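Structure first, commentary second.
The values are calculated or read from the model by the stated rules, or taken from the named source; none is laboratory data. Since this is a predicted model, take the numbers as computed values, not measurements. Note that we place each Cβ from the backbone using ideal geometry, even for glycine, and neighbour counts take in every protein chain shown.
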Amino acid sequence: MNELIIGGRTFHSRLFVGTGKFSSNELMSRAIKASGTEMVTIAMKRIDMENPQDDMLVHIRRPEIQLLPNTSGVRDADEAVLAAQLAREAFGTNFIKLEIHPDPKYLLPDPVETLHATERLVKMGFVVLPYIQADPVLCKRLEEAGAATVMPLAAPIGTNKGLVTRELLGIIIEQSNVPVVVDAGLGAPSHAAEAMEMGADAVLVNTAIAVAGDPVRMAAAFAQAVVAGREAYEAGLGAQAQCAEASSPLTSFLD
Amino acid sequence: MFSEELEKYDWEETSRKIREKRPADVERALGRERLTLDDFMALVSPAAAAYLEPMARLSRRYTQERFGKTISMYIPMYITNSCTNSCVYCGFNRHNAIPRVILTPEQIEAECRAIRQLGPFENLLLVTGENPRDAGVDYIEQALHICRPYFNNLTIEVMPLASEEYARLTRSGLNGVVCFQETYNRANYKRYHPAGMKSRFEWRVNGFDRMGQAGVHKIGMGVLIGLEEWRTDVTMMALHLQYLRKHYWKTRYSVNFPRMRPSEGHFQPNVVMSDRELAQLTFAFRIFDHDVDISFSTRENPRFRNHIATLGATSMSAGSKTDPGGYVTYPQSLEQFTVSDERTPAEVEADIRREGYEVVWKDWDKIFD
């Protein structure tokens, strides 16, 4: 499998995982391990920054894992920049997953504030991974602003509905010069595999693992699906059948 | 810059890969919604010759989805044949003993009026030889100002310029730039373009990046069929198109593949492309890139143009004169290439309509510039 490089760091696993919604930190820790992931996102708002022994952090920190603090909870670019600065201080990393969703119901990202915040954070030296709508034009604008990846959603966050935005994701993958990480809405390993077969560079999964009957086994299942999907993409998928036709009405003028 | 990307592709290796494509590769490419460059190679390979009919069907479908049943019309206006290059295949070669003409502002305006008499053309292609001293950017800019009142869409086909120069011309009403790389074979490029600015492969091939950086609205590309192995050359052009789309995503693109005929002049083409092959190439480009404008000039004969109009082509010229002042000023001077379609614009329009297609004269308004 080809390597994935983001912000100068090489990732061997193309499965990124989130840390919300687990029934215990201990279970979360085992699921992260089973997933084989090297990028784990964590909400700034969940961390007790006064306490270096914060229980959640203790369960995540491993040398092979890149922490990806996210700005979940912020409502505009100003708040996002502040959250990113706090994250850099707290975790000693320039990586930031930009999540700006002023809408508390569907948690849909605000494209205008996200673009503004990306422009500012890139200038401040952050490695910015913005969570966004599956909007191809927005993706190009973010790329031009210096985003390290784009993270379009497959379906509204937490819905487990799979690749609802399939057509748009296809366009984004075709056009992008930065890695495309499909984020949000992937509910089953088959969804992740499908995104990878389309040529996504990575996927981010949280809810589908956290709320599974057995999160640890589900994490491993996602890991396999992501590898299978990527391998299939790199191997070159076979064609769908074309119907043969004996006559040649369109090209007979060339005879 | 594209020259760095191009270095990753070895000419011989690419040619070999195309030759080795099998029917299974062609079928895989035809079954895909988004094609890779490897798929494109399969579609222009000898193996795809047996798939001409399904390729035509697919090409027609994609073209109609994106463009409807329409053909956009344009007309070239040559304003000078003065040229400092000595391209071995070109009538404007500086060693050719022909009268050199640089049209005056009054003559350019007379040509504009003459073209408007020919038909309701709104898309004008201004063409010059390459003479930076006597017909440089100032001259081109002046020509654009003269033509602007007569046409809504102005495209130039001139020497490659610097990015600031493209930006300057865009401010002067320029809508598009056409530039033919002629061949992407870097090793042999100089054989055909031994002197003048055109002998600089990199300056020319990176000109498209400069157009993109300057925000040119539409970029036209082209390979001259007859110099090098055409399958390899058009594959490099497909790579170039793919690269440009990724980097300059607000720009529209067109492709051209003029083919040289053995009968044309003193230069004998190294490769001769058949009608079947030209059709195959057209279909391959459309299946590879659903949105690209595929243009056919009057180099091609009426019968071929009438058919290809419904199978993948999206723009055509008509009534063209390929010599400076050819419409009214110097109606008898030497052509850059031989025209094979002598029909009037009205006849071309009638033929296209007979195929069930609409002719579009105007699809831009200068108010948007």
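Applying the set (1) touching a Phe, Trp or Tyr at 6+ places or on another chain (Cβ under 9 Å); (2) closer than 24 Å to residue B:319 by Cα to residue B:108 leaves exactly one unmet item: (1).
With respect to (1) away from chain B (no Cβ under 14 Å); (2) touching a residue at least 12 places away in the same chain (Cβ under 8 Å), the lone exception for residue A:214 is condition (2).
Between A:117, A:148, the distinction of being in contact (Cβ under 8 Å) with a residue 60 or more places away in the chain, crowded, with 17+ Cβ neighbours inside 10 Å and out of contact with any Ser or Thr (no Cβ under 6 Å at 6 or more places or on another chain) belongs to A:148 only.
Here's the yes/no breakdown for (1) among the polar types (S, T, N, Q); (2) over 30 Å from residue B:230 (Cα atoms); (3) part of a loop (DSSP other than H, G, I, E, B); (4) over 19 Å from the mean Cα position of the chain (by Cα):
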position: B:154; (1), (2), (3), (4): no, no, no, no
position: B:161; (1), (2), (3), (4): no, no, yes, no
position: B:165; (1), (2), (3), (4): no, yes, no, yes
position: B:173; (1), (2), (3), (4): no, yes, yes, yes
position: B:190; (1), (2), (3), (4): no, no, no, yes
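Residues being among the β-branched types (Val, Ile, Thr) and surrounded by fewer than 21 Cβ atoms within 10 Å (Cβ to Cβ) are entirely absent from region A:18-37.
All conditions in (1) in a loop (DSSP other than H, G, I, E, B); (2) without any contact (Cβ under 8 Å) to a residue 60 or more places away in the chain; (3) touching a strand residue (DSSP E or B) at 6+ places or on another chain (Cβ under 6 Å) hold for residue B:121, with the sole exception of (2).
Of all residues in region B:251-269, at least one satisfies being crowded, with 17+ Cβ neighbours inside 10 Å, within 14 Å of chain A (Cβ to nearest Cβ) and touching a helix residue (DSSP H, G or I) at 6+ places or on another chain (Cβ under 8 Å).
Return a yes/no flag: does region B:124-145 have any residue that is in contact with a Gly (Cβ under 6 Å, 6 or more places away or on another chain), over 26 Å from residue B:189 (Cα atoms) and free of Cβ contacts under 8 Å to residues at least 60 places away in the same chain. Yes, because at least one residue in region B:124-145 is in contact with a Gly (Cβ under 6 Å, 6 or more places away or on another chain), over 26 Å from residue B:189 (Cα atoms) and free of Cβ contacts under 8 Å to residues at least 60 places away in the same chain. Considering only residues that are touching a helix residue (DSSP H, G or I) at 6+ places or on another chain (Cβ under 9 Å), aliphatic (A, V, I, L, M) and surrounded by fewer than 23 Cβ atoms within 10 Å (Cβ to Cβ), look in region B:190-218 and name the one that is farthest from residue B:166 (Cα to Cα). The qualifying residue farthest from residue B:166 (Cα to Cα) is B:197. How many residues does region A:200-213 hold that are in a loop (DSSP other than H, G, I, E, B) and at pLDDT 95 or above? Going through region A:200-213 one residue at a time, the tally reaches 2. Checked against the criterion of being among the charged types (D, E, K, R), in contact with an Asp or Glu (Cβ under 7 Å, 6 or more places away or on another chain) and part of a helix (DSSP H, G or I), region B:304-318 contains one or more residues that satisfy it.
When residues in region A:177-187 are screened for being at pLDDT 95 or above and either surrounded by fewer than 23 Cβ atoms within 10 Å (Cβ to Cβ) or within 14 Å of chain B (Cβ to nearest Cβ) (or both), 3 of them pass. Evaluated against (1) surrounded by 14 or more Cβ atoms within 10 Å (Cβ to Cβ); (2) modelled with pLDDT under 95; (3) of a type outside the set (S, T, N, Q), residue B:61 falls short on exactly one condition, (1). Every condition in (1) over 30 Å from residue B:278 (Cβ atoms); (2) at pLDDT below 95; (3) within 14 Å of chain B (Cβ to nearest Cβ) is met by residue A:162 except one, and the failing one is (3). The sole residue among A:143, A:99 that is closer than 20 Å to residue A:16 by Cα, in contact with a Ser or Thr (Cβ under 9 Å, 6 or more places away or on another chain) and among the acidic types (Asp, Glu) is A:99. Going through A:47, A:65 one at a time, which residue ends up being within 20 Å of the chain's Cα centre (by Cα) and either under 19 Å from residue A:147 (Cα atoms) or of a type outside the set (D, E, K, R) (or both)? Answer to the check: A:65.
Restricting B:55, B:41 to those that are in a helix (DSSP H, G or I), at the interface with chain A (Cβ under 9 Å from one of its Cβ atoms) and not charged (D, E, K, R) reduces the list to B:55.
One residue stands out in region B:44-93 among those that are in contact (Cβ under 8 Å) with a residue 40 or more places away in the chain and of a type in the set (D, E, K, R): the one that is nearest to residue B:113 (Cα to Cα), namely B:69. Can you tell me how many residues within region A:32-91 are of a type outside the set (D, E, K, R), in a loop (DSSP other than H, G, I, E, B) and farther than 19 Å from residue A:219 by Cα? Matching residues across region A:32-91 total 10.
Taking region B:219-242 as the range and being surrounded by fewer than 20 Cβ atoms within 10 Å (Cβ to Cβ) and within 14 Å of chain A (Cβ to nearest Cβ) as the test, only B:242 passes. If the condition is being within 20 Å of residue B:292 (Cα to Cα), facing chain A (nearest Cβ under 9 Å) and in contact (Cβ under 8 Å) with a residue 12 or more places away in the chain, then region B:20-37 contributes B:29, B:30.
For residue A:105, are the conditions met, namely being within 16 Å of residue A:204 (Cα to Cα), assigned to a loop (DSSP other than H, G, I, E, B), among the basic types (Lys, Arg) and out of contact with any Pro (no Cβ under 9 Å at 6 or more places or on another chain)? Taking the combined requirement at face value, the residue does not satisfy it.
Of all the numbered requirements in (1) closer than 21 Å to residue B:78 by Cα; (2) modelled with pLDDT under 95, residue B:171 misses one, and that requirement is (1). Scanning region B:34-57 for residues that are surrounded by fewer than 15 Cβ atoms within 10 Å (Cβ to Cβ) and more than 26 Å from the chain's Cα centre (by Cα) yields a single hit, B:50. Check region A:158-168 and report whether any residue there is aliphatic (A, V, I, L, M), farther than 22 Å from residue A:38 by Cβ and not in a helix (DSSP H, G or I). Yes, the conditions are met somewhere in region A:158-168. In region B:270-285, the residue that is farthest from the other protein chains (Cβ to nearest Cβ) out of those that are surrounded by fewer than 17 Cβ atoms within 10 Å (Cβ to Cβ) and aliphatic (A, V, I, L, M) is B:271.
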